[in-house]
Amino acid sequence: MPKKKWWKESVVYQIYPRSFKDSNGDGTGDLKGIISKLDYLHYLGVNVLWLCPVYHSPNVDNGYDISDYRGIMDEMGTMADWEELRDGLHSRDMKLVMDLVVNHTSDQHRWFQESRSSKDSPYRSYYIWRPGKDGKEPNNWSSEFGGSAWEFDALTGEYYLHVFSKNQPDLNWENKTVRYEIYDMMRWWLDKGVDGFRMDVINMIAKHPDLPDAPSVDSSPYQWGGQFFINGPRLRYYLREMYVKVLSKYDIMTVGETRWVDADMARIFVDEYRHELNMLFHFELLELDYGPSGKWEKKAWELSDFKRILSDWQKKLADSGWNSLFLSNHDHPRMVSRFGNDSTYRVESAKMLATLLHTLQGTPYIYQGEEIGMTNVRFPCIEHYRDIETLNMYEEGLKNSKDLKELTEVICEKGRDNARTPMQWNDSSQAGFTEGTPWISVNPNYQEINVEQAQQDQNSILHYYRKLIDLRRRYPLFVYGDYRLILHKHTRIYSYLRHWEEETLLVILNFFEESAVFTLPERVTFKNGRLLIANYSDINEKIVAEDLNELSLRPYEARVYLLD
Ligand code: GLC
Ligand code: CA
């Protein structure tokens with residue numbers, strides 16, 4: 001039975017600060033902008049805010065390239081603003097979780113500047129330097145953002161490793177001084193009142209000590225070396241050490257971003273007695289529409305896979321551990337465009353997906369704009385795109401004379417900028433995000449899809465989220481109840497039971513725009529059922545149990561019943 005914790009009972013709201021709210025008209029969202037929206041977040045009902053990086057950064061990767069861990073970048077404001085944000089949250093009984101990016105720094109970080117200055121610098125081994133091999137890179141690894149994962153630095157005649165862009169050199173975690181610097185920095189923020197960390201690519205910090213070549217799967221000179229830089233042999237040791245030196249001393253929450261981790265491995269990371277991390281962001285669901293060559297190849301996702309993966313995680317983390325529940329963040333397309341229907345059934349499907357995320361066992365994470373059903377964007381040309389990953393891919397595609405139309409199509413569907421267009425506050429110019437020119441264009445649909453509109457419409461997605469969050473607060477069953485999948489083989493419906501003490505919850509979700517028939521399995525017996533929430537507003541609040549034996553569901557219909 002799960003142990004009670006504040007972060008299990010929380011709903012987290014993720015803010016991508018550049019795109020949330022601009023307070024001074026320079027076109028970039030900032031801390032003062034966030035502060036001006038705290039009442040809105042409170043009204044929504046969330047109780048934890050996860051803030052993507054706001055530290056000093058040249059912004060090659062929008063803050064995921066940090067040049068000073070202990071300062072706030074000018075565009076975002078000042079440390080005084082950050083303190084005001086922290087206090088504003090705490091006074092509303094809300095918590096603040098910060099992004100922790102310690103697999104790499106910016107190449108502008110003082111450590112790296114020192115490190116590259118000479119082979120004898122005490123900072124040299126803060127990073128991963130190697131001489132070339134036969135006039136080429138030390139190994140054949142590709143960077144996650146394209147090209148080689150190694151950059152030659154003429155100053156000392158060696159290469160440094162960067163799993164992401166060349167401006168994001170990887171830290172050398174084998175060096176104890178590096179680890180202790182990081183623990184020190186973490187304690188510094190925790191002492192300033194931070195309530196937890198979202199740990200960026202945390203299972204990449206331990207590399208295979210030999211840095212071996214990756215096996216070649218195609219003819220390109222660079223190959224994905226994930227098996228040698230993800231879940232490396234010393235990872236457990238580092239996480240354990242971090243727990244002992246830092247995490248164990250505070251009542252905080254931690255969530256690790258871990259690509260390439262399945263539910264069996266996850267059990268080890270989040271086991272409550274091992275004390276590594278509280279939750280993980282895994283990629284199994286999000287990679288369902290990746291083709292064999294990866295993210296940029298389109299593939300249709302299947303409901304059967306969706307159910308299988310979620311059920312696996314629900315079951316395997318049920319006894320010891322905890323799930324994070326999310327379908328979107330700043331690195332992925334908008335959830336309603338990807339797993340729902342962002343045209344005719346935008347409202348219905350966004351509510352259906354929200355129902356899923358708030359009725360499973362785990363902690364829900366809402367990505368900004370999801371609560372009003374923001375959609376992917378279709379920019380007219382490449383000049384509108386800002387993301388380094390997308391731009392690198394496009395350039396490489398052009399070099400390899402890929403079809404321009406296909407490239408643009410896949411960017412529209414898969415690019416990270418889909419999630420990064422400005423938050424849509426109202427129907428005034430630039431969606432009320434800025435008085436100036438936004439750093440990335442607003443989605444033209446802001447005139448219909450915006451917070452102000454949603455607040456006025458009692459049937460909006462926003463009000464539905466508020467209701468879901470409220471239900472989680474009122475019923476421990478939503479949070480702690482166990483999970484049992486029913487109708488395993490149904491091709492349109494995802495349905496499950498949750499059970500806690502004397503209460504049982506029945507969740508029924510039609511994942512498609514075709515109607516579907518729900519029939520209660522014979523082994524499920526109960527006397528009465530009461531509808532707690534549904535995404536079609538016309539159904540009676542008090543439908544009785546007998547009706548549940550056979551239900552006809554409309555497109556994307558979602559219903560949640562309390563059974564007794
Ligand atoms: C994570 C972040 C992503 C970033 C990358 C490198 O995946 O979520 O935005 O580009 O790490 O830090
Ligand atoms: Ca600003």
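Hey, can you tell me all the residues within the range 96-136 that are free of Cβ contacts under 8 Å to residues at least 24 places away in the same chain and out of contact with any helix residue (DSSP H, G or I) (no Cβ under 6 Å at 6 or more places or on another chain)?
If the condition is that a residue be free of Cβ contacts under 8 Å to residues at least 24 places away in the same chain and out of contact with any helix residue (DSSP H, G or I) (no Cβ under 6 Å at 6 or more places or on another chain), then GLN113, GLU114, ASP120, PRO122, LYS133, ASP134, GLY135, LYS136 are the ones that fit.
For LEU96, are the conditions met, namely being of a type outside the set (Lys, Arg) and either within 16 Å of ligand 1 (Cβ to nearest atom) or within 17 Å of ILE366 (Cα to Cα) (or both)?
yes
For the range 309-320, state whether one or more residues are among the aromatic types (Phe, Trp, Tyr) and crowded, with 23+ Cβ neighbours inside 10 Å.
Yes; the residues of the range 309-320 include at least one that is among the aromatic types (Phe, Trp, Tyr) and crowded, with 23+ Cβ neighbours inside 10 Å.
Has the range 153-172 got at least one residue that is touching a residue at least 60 places away in the same chain (Cβ under 8 Å), surrounded by fewer than 17 Cβ atoms within 10 Å (Cβ to Cβ) and not hydroxyl-bearing (Ser, Thr, Tyr)?
Among the residues of the range 153-172, not one is touching a residue at least 60 places away in the same chain (Cβ under 8 Å), surrounded by fewer than 17 Cβ atoms within 10 Å (Cβ to Cβ) and not hydroxyl-bearing (Ser, Thr, Tyr), which makes the answer no.
Counting only residues that are more than 24 Å from the chain's Cα centre (by Cα) and not in a strand (DSSP E or B), which one in the range 150-172 is nearest to ligand 1 (Cβ to nearest atom)?
My answer is ASN172.
Condition first: part of a loop (DSSP other than H, G, I, E, B) and within 19 Å of ASP305 (Cα to Cα). Now tell me which residues in the range 265-290 satisfy that.
HIS282, PHE283, GLU284, LEU285, LEU286, GLU287, LEU288, ASP289
Confirm whether TRP7 is in a loop (DSSP other than H, G, I, E, B), surrounded by 21 or more Cβ atoms within 10 Å (Cβ to Cβ), more than 14 Å from ligand 1 (Cβ to nearest atom) and at pLDDT 95 or above.
Considered against the rule, which asks whether it is in a loop (DSSP other than H, G, I, E, B), surrounded by 21 or more Cβ atoms within 10 Å (Cβ to Cβ), more than 14 Å from ligand 1 (Cβ to nearest atom) and at pLDDT 95 or above, TRP7 comes out as yes.
Looking at ASN103, ASN59, can you tell me which residue is within 16 Å of ligand 1 (Cβ to nearest atom) and surrounded by fewer than 23 Cβ atoms within 10 Å (Cβ to Cβ)?
ASN59
For residues in the range 25-56 being aliphatic (A, V, I, L, M) and within 16 Å of ligand 1 (Cβ to nearest atom), which is nearest to GLN455 (Cα to Cα)?
LEU51
Given the condition surrounded by fewer than 20 Cβ atoms within 10 Å (Cβ to Cβ), charged (D, E, K, R) and in contact (Cβ under 8 Å) with a residue 60 or more places away in the chain, answer yes or no: does some residue in the range 429-447 qualify?
For the range 429-447, residues surrounded by fewer than 20 Cβ atoms within 10 Å (Cβ to Cβ), charged (D, E, K, R) and in contact (Cβ under 8 Å) with a residue 60 or more places away in the chain: present.
From GLN14, GLN113, grab the single residue that is more than 16 Å from ligand 2 (Cβ to nearest atom) and surrounded by fewer than 20 Cβ atoms within 10 Å (Cβ to Cβ).
Among GLN14, GLN113, only GLN113 is more than 16 Å from ligand 2 (Cβ to nearest atom) and surrounded by fewer than 20 Cβ atoms within 10 Å (Cβ to Cβ).
Filter the range 255-278 for residues that are buried (at least 20 other Cβ atoms within 10 Å of the Cβ) and either more than 23 Å from GLU144 (Cβ to Cβ) or of a type in the set (Phe, Trp, Tyr) (or both); which is nearest to ligand 2 (Cβ to nearest atom)?
ASN278
Inspect the range 116-139 for any residue being within 16 Å of ligand 2 (Cβ to nearest atom), on the phi < 0 side of the Ramachandran plot and in contact with a strand residue (DSSP E or B) (Cβ under 6 Å, 6 or more places away or on another chain) and give the result as yes or no.
No, the range 116-139 has no match at all.
The values are calculated or read from the model by the stated rules, or taken from the named source; none is laboratory data. The shown structure was predicted, so the numbers you read here are calculated from the model rather than taken from an experiment. Methodologically, a virtual Cβ is constructed for each residue, glycine included, from the backbone with ideal geometry; neighbour enumeration extends over all protein chains shown.
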